[in-house]
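Right, one structure below, let's go through it.
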Amino acid sequence: MKKSYRIPVGIILSILVISNTNCSKNNSTSPPVPDVQLETSATLGKYLVDKFGHTLYFFAGDVSGQSTCTGNCELSWPIYSDSNLQASSLGAGLSLTDFASISTPEGKAQLTYKGWPLYNFAPGGIQEGVGQITGDGLDGGLFLLAKPDYTIMIGNAQLVGNDGNDYTPPAYTSGSVGITTYFTDARGGTLYTFANDSASENKFTKSDFSNNTTFPIYDTATIVVPSTLNKALFTTTNVFGKTQLSYNGWPLYYFGADAVRGNTKGVSLGPKKWPVAMATTPPAPHQ
């Protein structure tokens with residue numbers, strides 16, 4: 001006669017619990033890591049990183065929206081490429097409408113953010129470590145941390161006036177050739193000062209804003225600048241109820257005919273009448 005054995009109910013329940021727990025673990029999946037996401041620095045605020053956590057950067061020479069870091073430059077600043085970026089692959093706080101893809105001079109696909117081509121930093125060909133921000137402000141302050149909330153950015157290019165001729169400060173002589181480092185907004189729109197203004201006083205804009213389409217004021221109360229600039233020199237000026245950003249006392253303007261990013265057409269409208277705003281712009285006079 002065969003003996004029958006009874007397994008205690010407690011042991012059976014334990015086996016079922018363990019089995020269900022293992023199944024749950026096997027069936028659970030971790031959410032995918034975003035292709036681009038935001039990290040936060042205690043001193044620099046929010047900034048963009050790639051899917052591996054490596055910091056992303058802008059290059060001031062790309063103010064026109066085209067990649068100009070080529071040859072030896074690309075050895076230390078490899079482009080960031082993502083040909084299949086989707087809204088679902090972005091981290092919180094980022095919008096797909098701010099991203100696009102361009103073709104570099106070498107024919108590679110490079111991701112852009114708000115029109116600025118994106119780069120990693122690899123000094124000596126070695127990728128910067130995760131969580132590091134060692135590339136910010138390098139190469140004469142032309143490589144800058146890729147932040148989502150700049151209100152001031154830096155362009156570095158030849159100034160070309162509305163007449164198609166080259167210009168270079170401080171003389172702004174027609175035909176003068178030379179690269180200028182100047183201020184733009186977050187999307188590469190050139191910022192100007194008006195020679196007739198005085199400290200924190202806009203003398204151009206009419207009270208009814210009827211001439212604001214010619215040289216629109218830079219209307220913002222938010223001040224987020226690259227770490228290479230002195231934030232304390234940026235203030236705001238009240239212009240008939242609107243808030244105009246100023247630098248070193250000079251109210252800042254756009255030029256209405258600068259239809260695309262990187263245009264600097266305003267520099268040819270009168271000798272030194274509408275110079276681009278620069279870090280070296282002297283304080284506005286008190287008159």
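Read the figures in this text as sums done on the coordinates, not as results from a lab. In this text the structure is predicted, and so the values were computed from the model without any measurement. Backbone-built Cβ (ideal geometry, glycine too); neighbour counts: all protein chains shown.
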At R0 = 30 Å the Cβ-Cβ FRET efficiency linking Phe240 and Arg187, nearest 0.05, sits at 0.75
Farthest towards the positive end of the dipole of the chain, among Pro271, Pro282, Pro216 and with Cβ unit charges of +1 on Lys and Arg and -1 on Asp and Glu, lies the Cα of Pro216
The helix 9-27 Cα axis meets the longest alpha-carbon principal axis of the chain at an angle in degrees, between 0 and 90 and rounded to 10, of 30 degrees
If Thr43, Thr55, Thr181 are placed from fewest to most neighbouring beta carbons inside 10 Å, the sequence is Thr43, Thr181, Thr55
With the convex hull built on the alpha-carbon atoms of the range 150-287, volume per residue in Å³ sits at 99 Å³
In debye to the nearest 20, the charge dipole size for the chain, taken about the Cα centre with +1 at each Lys and Arg Cβ and -1 at each Asp and Glu Cβ, equals 1180 debye
Pseudo-spin-label distance Ser198 to Ser176, built 7 Å along Cα→Cβ, given in nm, is 2.7 nm
With label points set 7 Å from each Cα along the Cα-to-Cβ direction at Lys272 and Ser210, the distance between them in nm comes to 3.2 nm
From the Cα centre of the range 222-287 to that of the range 110-158, the distance in Å is 23 Å
So the number of lysine pairs in the range 150-287 with alpha-carbon atoms under 20 angstrom apart, 8 or more residues apart or on different chains, is 6
Mean projected area (nm²) from the convex hull of Cα positions in the chain is 24.4 nm²
In debye to the nearest 20, the charge dipole size for the range 171-252, taken about the Cα centre with +1 at each Lys and Arg Cβ and -1 at each Asp and Glu Cβ, equals 80 debye
Most exposed first, judged by fewest Cβ atoms within 10 angstrom, Lys46, Lys206 run Lys206, Lys46
